[in-house]
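**Student:** Handing you a structure now.
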Amino acid sequence: MRIQEFLQHHGIATNPFADEDAQTDLVFKTACIRSVYHPAWDKIYGDPSEPATAVVFGEKGSGKTAIRLQIARHLADHNADHPQQQVFVVPYDDLNPFLDRFRERFSARRRRRPDRVLSQWHLWDHIDAILALAVTQLVDRLLGVRDARHPAARDEPLDCTMLDGSQKRDVLLLAVCYDQSTADNRLKRWQQLRRKLGVSVWMSYWDIAVGVAVTAIVLAAIALLGGWNWLLTVWPYVAIAAGWLPCGWRLLKWTWKAWQIARCTRTLRQTIPFLRRMLMRFPAGQLEGQPLPVRAATDDRYAMLDKLQGVLRTLGFAGIVVLVDRVDEPYLVNGSTDLMRALIWPMLDNKLLKHPGLGVKLLLPSDLERLLDREDRDF
């Protein structure tokens, strides 16, 4: 008896075993996702009000993606039932865009060797990618972007009126550094966000106003006093140059910062003109002492993560859950155990995995478990 005949004999319309991917398995999505669980489900899922890290190893096809989908669905139910204690879900399961941009930073000779490329991948590259996903989602939800779809997200836009002045600045700063949406022009999107938050930036033009005022005063003095011969001397030009000096200094300062950000955020799509222009829109003094991802180190990233968490807490989120899956699928990895190790090992950092309010759910191939068992205590 053929399979189709067997199914028809028992009145089954479709083969429940036809789909091998949980993302397209209708039987799993409709009948199992809320009722069939992994034996260690309680440990993996944890308590949504206190997100915690969990690591799951499994063979290919053993159900890791199903667990990810179940976590997202249950967190969506939790968010619907607890609007003031929601969980912000960040799906970190498509690493190809980040690996593409990371790979472009290297010479053509090194690009041909995935092992040499991934040997330069560090923890801060992971944090940059996670922040990019989280901030892009946050901006989408603040602006109420209709076409954006995010796991466990409620339909209504987030209420930004609850944010205080410093948090609004933090949102704008995070958007400058990490908003990677392709739905709209980045400049236009940032301006929309600024208007949504009700933040005025006219004070940021003070240096231009000084330059224009000094230039106007010098020219007016020459015209009113009839000192056209002054134009033959150096002093009018010195005075005008002095008036534009603050603007020139700010331009150089933020061009340098923009270059540092673009250089150090290796997994993101950054342009120096955009970064410089947006950083210069913050009024003088607002960014003094504020962290920026300008170094190849994790300290600034953790500070940016803390800013994001502070904003989310005010918006009604108890924590962040990052769902890490499909690490064997990126084209640069292509199922290689050694390349997966190079990609994932930097993420197995105690400070990140135990960061307060952050739960990282790592759904990893079982090949990595064997490598992990070989590590010594220093790891």
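The values are calculated or read from the model by the stated rules, or taken from the named source; none is laboratory data. Being a predicted model, the structure only gives us computed values, none of them experimental. Heads up, the Cβs are rebuilt from the backbone with ideal geometry, glycines too, and the neighbour counts pull from every protein chain shown.
**Student:** Test each condition in (1) more than 22 Å from PRO51 (Cβ to Cβ); (2) more than 18 Å from the chain's Cα centre (by Cα); (3) charged (D, E, K, R) for ARG101 and report the one that comes out false.
**Tutor:** Condition (2) is where ARG101 drops out.
**Student:** Could you go through the range 327-350 and let me know if any residue there is crowded, with 20+ Cβ neighbours inside 10 Å and under 30 Å from PRO157 (Cα atoms).
**Tutor:** no
**Student:** What about VAL311, is it closer than 28 Å to VAL171 by Cα, buried (at least 20 other Cβ atoms within 10 Å of the Cβ) and in contact with a helix residue (DSSP H, G or I) (Cβ under 6 Å, 6 or more places away or on another chain)?
**Tutor:** Values: closer than 28 Å to VAL171 by Cα: yes; buried (at least 20 other Cβ atoms within 10 Å of the Cβ): yes; in contact with a helix residue (DSSP H, G or I) (Cβ under 6 Å, 6 or more places away or on another chain): yes.
Against the criterion (closer than 28 Å to VAL171 by Cα, buried (at least 20 other Cβ atoms within 10 Å of the Cβ) and in contact with a helix residue (DSSP H, G or I) (Cβ under 6 Å, 6 or more places away or on another chain)), VAL311 qualifies.
**Student:** State whether the residues of the range 245-263 include one that is modelled with pLDDT of 95 or more, within 18 Å of LEU123 (Cα to Cα) and touching an Asp or Glu at 6+ places or on another chain (Cβ under 9 Å).
**Tutor:** No, the conditions are met nowhere in the range 245-263.
**Student:** Being within 28 Å of SER204 (Cβ to Cβ) and in the same structural domain as HIS78 (by TED's automatic domain parsing) is the requirement here; does VAL311 meet it?
**Tutor:** On the way: within 28 Å of SER204 (Cβ to Cβ): yes; in the same structural domain as HIS78 (by TED's automatic domain parsing): yes.
Considered against the rule, which asks whether it is within 28 Å of SER204 (Cβ to Cβ) and in the same structural domain as HIS78 (by TED's automatic domain parsing), VAL311 comes out as yes.
**Student:** I'd like the residue in the range 55-81 that is under 21 Å from the mean Cα position of the chain (by Cα) and closer than 18 Å to LEU364 by Cβ and, out of all such residues, is surrounded by the most Cβ atoms within 10 Å (Cβ to Cβ).
**Tutor:** Once the filter is applied, the top-ranked residue is ILE71.
**Student:** Among the residues of the range 335-357, which ones are without any contact (Cβ under 8 Å) to a residue 12 or more places away in the chain and part of a helix (DSSP H, G or I)?
**Tutor:** Within the range 335-357, TRP345, ASN350 meet the criteria.
**Student:** On to the next question. Please pick out the residue among GLY144, GLY165 that is of a type outside the set (Asp, Glu), modelled with pLDDT of 85 or more, closer than 30 Å to ARG73 by Cβ and assigned by TED's automatic domain parsing to the domain that holds PRO293. Before the answer, list the steps.
**Tutor:** Values: GLY165 fails: closer than 30 Å to ARG73 by Cβ.
Testing whether each residue is of a type outside the set (Asp, Glu), modelled with pLDDT of 85 or more, closer than 30 Å to ARG73 by Cβ and assigned by TED's automatic domain parsing to the domain that holds PRO293 leaves just GLY144.
**Student:** Now for a different question. Would you check which residues across the range 168-182 are touching a residue at least 40 places away in the same chain (Cβ under 8 Å) and either surrounded by fewer than 19 Cβ atoms within 10 Å (Cβ to Cβ) or within 16 Å of the chain's Cα centre (by Cα) (or both) and list them? First the steps, then the outcome.
**Tutor:** First, pick out the residues of the range 168-182 that are touching a residue at least 40 places away in the same chain (Cβ under 8 Å): 169-181.
Selection gives ASP170, VAL171, LEU172, LEU173, LEU174, ALA175, VAL176, CYS177, TYR178, ASP179, GLN180, SER181.
**Student:** Restricting to the range 305-334, count the residues that are outside any helix (DSSP H, G or I) and not aliphatic (A, V, I, L, M). Working first, answer last.
**Tutor:** As a first pass, look at the range 305-334 and keep what is outside any helix (DSSP H, G or I): 315-334.
Pick out the ones that are also not aliphatic (A, V, I, L, M) and you get 316-317, 319, 325-326, 328-331, 334.
Adding up the residues that qualify gives 10.
**Student:** Residue check: is VAL360 in contact (Cβ under 8 Å) with a residue 12 or more places away in the chain, over 17 Å from the mean Cα position of the chain (by Cα), crowded, with 21+ Cβ neighbours inside 10 Å and closer than 30 Å to ALA152 by Cβ?
**Tutor:** Numbers: in contact (Cβ under 8 Å) with a residue 12 or more places away in the chain: yes; over 17 Å from the mean Cα position of the chain (by Cα): no; crowded, with 21+ Cβ neighbours inside 10 Å: yes; closer than 30 Å to ALA152 by Cβ: yes.
It is false that VAL360 is in contact (Cβ under 8 Å) with a residue 12 or more places away in the chain, over 17 Å from the mean Cα position of the chain (by Cα), crowded, with 21+ Cβ neighbours inside 10 Å and closer than 30 Å to ALA152 by Cβ.
**Student:** Taking VAL55, is it in the same structural domain as PRO365 (by TED's automatic domain parsing), assigned to a strand (DSSP E or B), within 24 Å of TRP345 (Cβ to Cβ) and not hydroxyl-bearing (Ser, Thr, Tyr)? Full working, then the answer.
**Tutor:** Working: in the same structural domain as PRO365 (by TED's automatic domain parsing): yes; assigned to a strand (DSSP E or B): yes; within 24 Å of TRP345 (Cβ to Cβ): yes; not hydroxyl-bearing (Ser, Thr, Tyr): yes.
The answer is yes for VAL55.
**Student:** Identify, please: which residue in the range 135-159 is in a helix (DSSP H, G or I) and not aliphatic (A, V, I, L, M) and is, among those, nearest to the chain's Cα centre (by Cα)?
**Tutor:** Going through the range 135-159, the residues in a helix (DSSP H, G or I) turn out to be 135-143.
Narrowing further to those that are not aliphatic (A, V, I, L, M): 136-137, 140-141.
Numbers: THR136: 6, GLN137: 8, ASP140: 12, ARG141: 14 Å.
Ranking the qualifying residues of the range 135-159, first place goes to THR136.
**Student:** Oh, and also: Return yes or no: is LEU323 touching a Lys or Arg at 6+ places or on another chain (Cβ under 6 Å) and buried (at least 16 other Cβ atoms within 10 Å of the Cβ)?
**Tutor:** Working: touching a Lys or Arg at 6+ places or on another chain (Cβ under 6 Å): yes; buried (at least 16 other Cβ atoms within 10 Å of the Cβ): yes.
Yes: the conditions hold for LEU323.
**Student:** Which of the numbered conditions does LEU275 fail, given that it passes all the others? Conditions: (1) under 22 Å from LYS188 (Cα atoms); (2) of a type outside the set (D, E, K, R); (3) buried (at least 21 other Cβ atoms within 10 Å of the Cβ); (4) in contact with a Phe, Trp or Tyr (Cβ under 7 Å, 6 or more places away or on another chain).
**Tutor:** (4)
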